Amino acid sequence: MNQLTAVKKRVQSIDILRGIVMIIMALDHVRDYFHLDAFQNDPLNPATTTPILYFTRWITHFCAPTFVFLAGTSAYLIGTRKSKADLSSFLIKRGFWLVLIEVVIITLGWTFNPFYNTIILQVIWTIGISMVFLGLAVRLPYWVIFTVGALIVFGHNILDYPEAARKNDVGFLWDLLHNGRFDTYTYAPGRILIIAYAFLPWLGIMLMGYCAGRLFEPIVDAGQRQKKLLLIGLALIAAFVVLRLMNNYGDPFPWTEQPTGLGSFLAFMNVQKYPPSLMYTCITIGPALIMLALLENVQNRFTGWVKVFGRVPFFYYVAHIYLIHLATVIAFYIEGYGKKDIVGPTPFLFRPVQFGYDLLTVYILWVLLILLLYPLCRWYNNYKSTHTQWWLSYL
């Protein structure tokens, strides 16, 4: 397959949106490693945050759900070129491969600990295990997949009530399934597992993304697709507002009025990501669908630049983690830290709790990171577009 044919088969708006959220995601991870306050206060706490810090963290909420949703959409589009059996096999194998990568490659990038004293199950794990279940589900009728996905997305917060009754002490398997709020489990002496992403709510998002893939089939009129994406996106935002005003279902943490109007607004918008609540899903996927509609026919220098990242999301994800942590090590020594400071109370080596810079420096480092990643991603995108080795489909 030549490069031109490969490009024609891609949906440009998906690549552009995915590229945008990948760029935004890097901001959050640069903040994690380089902001002085990152390990000391919650940037979304209205009582301790500032508007710019709150925005810096809140805007990155769009990244994981959009990424997971579009992974489902991409799976559907791959299925238009494969049999159900081939698609199922591909998704299951790729899913298990991603879980392995999370444990072996991503964890090492986050911690820089070659002894793997801490393993962290994050977004790549949840995409992987969700992809395995999607691989099993693709043989089912479309309406069954849609129904199951909708039930998960709109109904999983019912589980908040029994979890609250047990004070979130629900055990390992339940944490993997739904609760998982950075709970830790010791599985061997000196070794712990951290569950950051419980997979069930994310599976629901992926299933709905898969079902949305039907809107991107070649036979669908572009105007009708845009109209449906806009309507669904607006409906999800409206659902968020209604549910947040009702304040009794859809997020385990009701919002409360603050001393100032701005503080109340920040509390209103602060919804749970771990695991993604219904409100969180509505206020992130809703705008993402609107963006997909608006990006349908946009072709300019910016979108051409951004979609390079969107075409190689896995490569970008791995590369940006290692580059951020490597830059942290350099700054660690520049700031005068030494051997005794490498290991601290967090799992992240070379990242002391008191280490870091102001928010302006974080933004500067973020821009420099993106500029450094662009030629790397462009090279890999060109390589992937002009080569057909089997392993490229897993990267």
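Could you run through segment 375-395 and say how many residues are surrounded by fewer than 16 Cβ atoms within 10 Å (Cβ to Cβ), hydroxyl-bearing (Ser, Thr, Tyr) and part of a helix (DSSP H, G or I)?
The number of residues fulfilling the criteria is 4.
Would you say Lys340 is of a type in the set (D, E, K, R), surrounded by 15 or more Cβ atoms within 10 Å (Cβ to Cβ) and in a helix (DSSP H, G or I)?
So Lys340 fails the test.
For residues that are farther than 19 Å from Asn297 by Cα and at pLDDT 50 or above, scanning just segment 1-28, find the one that is surrounded by the fewest Cβ atoms within 10 Å (Cβ to Cβ).
Per the stated criteria, the residue is Ile24.
Scan segment 123-159 for residues that are free of Cβ contacts under 8 Å to residues at least 12 places away in the same chain and part of a loop (DSSP other than H, G, I, E, B) and report the count.
The number of residues fulfilling the criteria is 2.
Considering only residues that are part of a helix (DSSP H, G or I) and either buried (at least 20 other Cβ atoms within 10 Å of the Cβ) or at pLDDT below 95 (or both), which ones fall in segment 102-122? I'd like the intermediate steps shown before the answer.
Residues of segment 102-122 that are part of a helix (DSSP H, G or I), as a first pass: 102-111.
Those that are part of a helix (DSSP H, G or I) and either buried (at least 20 other Cβ atoms within 10 Å of the Cβ) or at pLDDT below 95 (or both): Glu102, Ile106, Thr107, Trp110, Thr111.
Tell me yes or no: at least one residue of segment 353-372 is outside any loop (DSSP other than H, G, I, E, B), free of Cβ contacts under 8 Å to residues at least 60 places away in the same chain and either among the polar types (S, T, N, Q) or over 30 Å from Ile52 (Cβ atoms) (or both). Give the steps one after another, and end with the answer.
Taking segment 353-372 as the starting set, the residues that turn out to be outside any loop (DSSP other than H, G, I, E, B) are 357, 359-372.
With free of Cβ contacts under 8 Å to residues at least 60 places away in the same chain added as a condition, the list becomes 360, 364, 367-368, 371-372.
So of that shortlist, the ones also either among the polar types (S, T, N, Q) or over 30 Å from Ile52 (Cβ atoms) (or both) come out as none.
Checked against the condition, which is being outside any loop (DSSP other than H, G, I, E, B), free of Cβ contacts under 8 Å to residues at least 60 places away in the same chain and either among the polar types (S, T, N, Q) or over 30 Å from Ile52 (Cβ atoms) (or both), segment 353-372 yields no hits at all.
Just to verify a result, which residue in segment 165-192, among those that are more than 19 Å from the chain's Cα centre (by Cα) and in a loop (DSSP other than H, G, I, E, B), is farthest from Tyr274 (Cα to Cα)?
Checking each candidate, the answer is Pro189.
Mind checking whether some residue in segment 199-209 is at pLDDT 95 or above, among the small types (Gly, Ala, Ser) and either touching a helix residue (DSSP H, G or I) at 6+ places or on another chain (Cβ under 8 Å) or under 29 Å from Gly135 (Cβ atoms) (or both)? Give the derivation first.
We begin by selecting, within segment 199-209, every residue at pLDDT 95 or above; these are 199-209.
Of the ones still in play, those that are also among the small types (Gly, Ala, Ser) are 204, 209.
From what is left, the residues that are either touching a helix residue (DSSP H, G or I) at 6+ places or on another chain (Cβ under 8 Å) or under 29 Å from Gly135 (Cβ atoms) (or both) are 204, 209.
Yes.
A quick yes/no check of all residues on (1) small (Gly, Ala, Ser); (2) under 22 Å from Ile20 (Cα atoms); (3) touching a strand residue (DSSP E or B) at 6+ places or on another chain (Cβ under 6 Å):
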{"site": "Phe34", "(1), (2), (3)": "no, yes, yes"}
{"site": "Asp42", "(1), (2), (3)": "no, no, no"}
{"site": "Thr50", "(1), (2), (3)": "no, no, no"}
{"site": "His61", "(1), (2), (3)": "no, yes, no"}
{"site": "Phe67", "(1), (2), (3)": "no, yes, no"}
{"site": "Thr73", "(1), (2), (3)": "no, yes, no"}
{"site": "Thr80", "(1), (2), (3)": "no, no, no"}
{"site": "Ala85", "(1), (2), (3)": "yes, no, no"}
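The values are calculated or read from the model by the stated rules, or taken from the named source; none is laboratory data. Because the structure is predicted, anything quoted here is derived from the model rather than measured. So basically every Cβ, Gly included, is an ideal-geometry build from the backbone, and we count neighbours across all protein chains shown.
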